[in-house]
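Below is one structure, written out as structure tokens; the observations come after it.
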Amino acid sequence: MKLYEYLGKDLFDRYDIPVPEGRVVENPEQAAEAASELGEVVVKSQVLTGKRGKAGGISFASSPEEARLAAEKIFNMELGGFTADKVLVEKKVQIEQELYLALTVDGTAQRPVVLVSLDGGMDVEDVPEDRMIRWPVDVTVGLQPFMVREICRKLGVEGNLQKEFIKLLPRLYKLFREMDAELAEINPLALTSQGLIAADAKVTIDDDALYRHPQLPRIKEKTALELKAEELDLAYVELEGDIAVMANGAGITMATLDMVQHYGGAPANFLDFGGGADVEKTSQALELLLGTNPRVLLINIFGGITRCDVVAEAFARVRESKGIDLPVSFRLVGTNESEGRAILEKAGIKSFTSMDEAVSHAVKLLDAS
Amino acid sequence: MSIYINDKTRVLVQGMTGNQGSFHTGQMLAYGTRIVGGVSPGKGGQSVEGVPVYNTVFEAVEKEPADASILFIPAPFAKDAALEALAAGIKILVLIPEHIPLQDAMDIMAQARQNNAVVVGPNTFGLVSSGASKIGIMPNQYFIPGPVGVVSRSGTLCYEIVGHLTENGVGTTTVVGLGGDRVVGLHFIDVLEEFEKDSDTRAVVLVGEIGGSAEEEAAAFIKSSMSKPVIAYLAGKSAPPGKRMGHAGAIIERGRGTFESKVEALTEAGVKVADLPTKVPALVKEVTDGK
């Protein structure tokens with residue numbers, strides 16, 4: 001779950017990472033009030049899309065009236081398909097140099113990794129590899145001052161700035177670990193006459209660990225269908241085509257989409273209804289798909305932890321209660337295959353054993369419909 | 001021969017009394033796996049499929065020494081169970097659960113490194129040395145002995161491909177599921193290295209997907225250090241960028257981890273990449289026949 005900048009900065013503040021003084025406002029009048037208290041300000045749209053600055057979501061204002069106008073413009077602006085409910089009004093910081101600092105996960109090293117560069121403010125992808133210091137941290141040891149000194153040596157940083165880094169890095173590491181972050185990024189990290197200040201905050205919390213953080217608000221920038229799928233704990237992504245696809249397992253679902261495309265069709269979605277789903281959950285997944293009004297339904301089941309009889313039962317049940325009047329191509333093999341096939345046959349539904357046949361049949365059904 | 005596990009491997013099942021734990025205990029026993037005990041706190045003294053259940057891993061290994069443990073434990077409690085197994089001396093840990101928090105996974109891996117233990121997963125179907133021992137949840141009938149090693153990031157897609165091999169009379173030495181999460185224990189390179197050393201494995205099938213750089217790293221390893229032929233299939237050719245396709249790791253971010261970059265890296269390393277799962281057996285036969 002990505003956090004809005006102001007929520008990220010709330011966390012920074014809690015972990016003693018300096019942030020500019022600011023107010024979160026919900027209308028242009030409040031923005032003007034905030035500016036009258038703070039003086040020269042920057043007015044920032046609170047949306048999750050990157051490239052917010054380039055798209056005009058950040059403005060400077062030197063009077064309350066300017067802040068009001070800037071906020072008005074930002075509240076009416078659509079950025080990446082979303083409009084902001086909140087705007088952050090912050091005291092403008094006198095920046096001497098823009099740096100980059102982040103903690104993220106290095107999957108190869110199986111460790112958190114500190115990323116530091118003296119080239120901040122730009123898109124991190126544009127920072128040359130040799131200007132970015134990467135330091136993987138063993139979690140049993142934690143981020144120690146010697147590591148920060150070594151990072152500073154590599155950066156060519158000494159004196160006061162090194163002292164600042166030695167204070168700041170362990171705080172960000174602590175936040176990263178305790179808050180179950182996947183990413184905690186400060187770009188730019190502003191060097192000012194008062195020391196280092198986090199001018200921006202990009203924090204992503206691990207969805208699988210959200211249960212440990214009931215105090216964090218739940219942020220959702222998703223389509224209505226994707227939200228519904230999330231409620232049902234399904235992995236669902238909307239796509240552009242008209243063959244609805246349901247499969248079990250992320251890899252085989254991707255491969256099914258690839259094969260639909262290979263045979264000249266276009267998938268309407270990615271839907272992995274997971275392993276070991278019961279009849280109830282499988283029925284809900286089916287109903288969700290049917291709600292998208294696809295032209296053809298393709299079901300590809302290779303049962304491992306998923307049992308074929310459960311999927312067949314759910315399909316028969318949904319067909320009985322809701323009616324399924326679109327053409328269906330069904331592939332069913334694996335655990336409890338014969339039981340599943342018997343249920344489908346009883347309901348008068350034909351099924352395939354090969355994925356190739358089922359997918360090419362689905363594309364033919366589309367062409368015929 | 002096989003890698004990591006064989007018919008002598010002694011296995012514990014943590015979470016044995018649960019729904020999935022008891023079902024798969026039965027399936028693994030039916031495959032021939034030597035399951036020596038189960039662990040479910042508070043359920044000690046019971047038995048599942050004739051296998052005794054203990055309250056703790058320490059208690060279990062006091063009664064019956066064990067080499068490996070497979071976890072059917074809900075994600076929020078998986079870290080504790082995994083650390084318990086490592087502390088009790090388990091050397092091969094198979095983490096079935098999905099949704100284990102990332103920070104927990106890093107804690108588990110750090111401990112495993114210190115203990116020189118192998119972790120398979122999390123979010124994996126496990127591993128199987130065909131005809132000898134299965135520590136996982138894959139359907140039994142597809143895993144017959146033969147000359148091909150298989151390593152995969154995804155589960156069901158791996159069954160699909162092994163199913164095609166089996167249909168074509170091609171069996172497997174060991175099949176390893178790495179798991180779909182961002183932090184997993186074994187990587188392609190670790191498993192490829194074992195297959196290269198295994199005298200019975202004559203070819204390797206690598207099943208990958210978009211996202212991350214694991215396939216590119218595998219390609220570099222194959223190029224520098226492998227003499228055995230490698231065949232690959234990759235999922236996600238049609239996936240749009242920026243969308244997480246089910247697995248936590250399966251996302252094209254900022255133009256990295258694309259299908260094209262992986263195919264290019266593997267092809268450059270001499271790997272034949274199949275464009276459909278059905279085409280894998282023919283490519284495998286090309287390199288194993290007559291050898």
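All of the numbers you see were taken from the coordinates with simple rules; none came from a lab. Predicted model, so just to flag it, every value in this text is computed and none were measured. Glycine gets a Cβ as well: all are built from the backbone with ideal geometry, and neighbour counts include every protein chain shown.
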Quiz item: Using Cα-only point scatterers and the Debye equation, what is log10 of I(q)/I(0) for segment A:97-212 at each q in 0.15, 0.16, 0.19 Å⁻¹, rounded to two decimals?
Solution: -0.63, -0.72, -1.03
Quiz prompt | Extent along principal axes [Cα atoms of chain B; Å; largest to smallest] | solution = 55, 44, 31
Exercise. Sketch the reach of a paramagnetic label on A:D233 as a point 7 Å from Cα along Cα-to-Cβ, and name the residues of segment A:241-260 whose backbone nitrogen lies under 19 Å away.
Key: A:247-251
Quiz prompt | For the protein assembly as shown, share of DSSP beta bridges that run antiparallel, in % to the nearest 5 | solution = 50 percent
Exercise. Sort A:H262, B:H187 so the one with the fewest other Cβ atoms within 10 Å of its own Cβ comes first.
Key: A:H262, B:H187
Quiz item: Mind checking the mean number of beta-carbon atoms from other chains within 10 Å of the Cβ atoms in B:230-238?
Solution: 5
Quiz item: Mind checking the log10 I(q)/I(0) for segment A:21-91 at q = 0.12, 0.19, 0.27 Å⁻¹? Debye, one equal scatterer per Cα, no solvent, two decimals.
Solution: -0.24, -0.60, -1.14
Quiz prompt | P(r), alpha carbons of chain A - 10 Å bins starting at zero, rounded % | solution = 5, 20, 22, 18, 17, 12, 5, 1
Quiz prompt | Bins of 10 Å from zero: percent of alpha-carbon pairs in segment B:138-288 | solution = 12, 45, 35, 7, 0
Quiz item: What is the sum of charges around A:A250, taking Lys and Arg as +1, Asp and Glu as -1, for the other residues whose C-beta is under 14 Å from the C-beta of A:A250?
Solution: -3
Practice problem: Sum up the charges of everything whose Cβ sits under 12 Å from the Cβ of A:M259, counting Lys and Arg as +1 and Asp and Glu as -1, but leave A:M259 out. | Solution: -2
Quiz item: FRET efficiency for A:K92 and A:D119, Cβ-Cβ distance as r, R0 = 25 Å, nearest 0.05?
Solution: 0.70
Quiz item: Rounded to whole Å and sorted largest first, what semi-axes of the equivalent ellipsoid does the C-alpha gyration tensor of segment B:10-120 yield via the square root of 5 times each eigenvalue?
Solution: 21, 15, 13
Quiz item: Using the beta-carbon distance between B:M1 and A:T108 and R0 = 35 Å, what value does 1/(1 + (r/R0)^6) give for FRET efficiency, to the nearest 0.05?
Solution: 0.80
Self-check item: Translational D in µm²/s for segment B:67-136 (Stokes-Einstein at 20 °C, 1.002 mPa s, Kirkwood Rh from C-alpha pairs)
Solution: 180 µm²/s
Quiz item: Given that compact globular proteins tend to follow 2.2 N^0.38 Å, what is the ratio of the alpha-carbon Rg of the protein assembly as shown to that value?
Solution: 1.02
Exercise. Count the net charge of all other residues whose Cβ sits under 14 Å from the Cβ of B:C158, scoring Lys and Arg as +1 and Asp and Glu as -1.
Key: 0
Self-check item: Translational D in µm²/s for segment A:144-273 (Stokes-Einstein at 37 °C, 0.692 mPa s, Kirkwood Rh from C-alpha pairs)
Solution: 176 µm²/s
Practice problem: Taking the Cβ of each residue in A:Y211, A:Y15, A:Y173, B:Y142 as the centre, tally the other Cβ atoms inside 10 Å and list the residues starting with the fewest. | Solution: A:Y211, A:Y15, A:Y173, B:Y142
Quiz item: Can you list, largest first and rounded to whole Å, the semi-axes you get for segment A:224-368 by taking the square root of 5 times each eigenvalue of its Cα gyration tensor?
Solution: 19, 18, 15
Quiz prompt | Share, in percent, of DSSP beta bridges within chain A that are antiparallel, nearest 5 | solution = 75 percent
Quiz item: In segment A:224-368, what % of DSSP beta bridges are antiparallel (nearest 5)?
Solution: 20 percent
Quiz item: How would you rank A:190-199, A:247-256, highest first, on the average number of other Cβ atoms within 10 Å across their residues?
Solution: A:247-256, A:190-199
Exercise. Take the alpha-carbon positions of segment A:220-291, form their convex hull, and give its projected area averaged over all directions (one quarter of the hull surface) in nm².
Key: 4.7 nm²
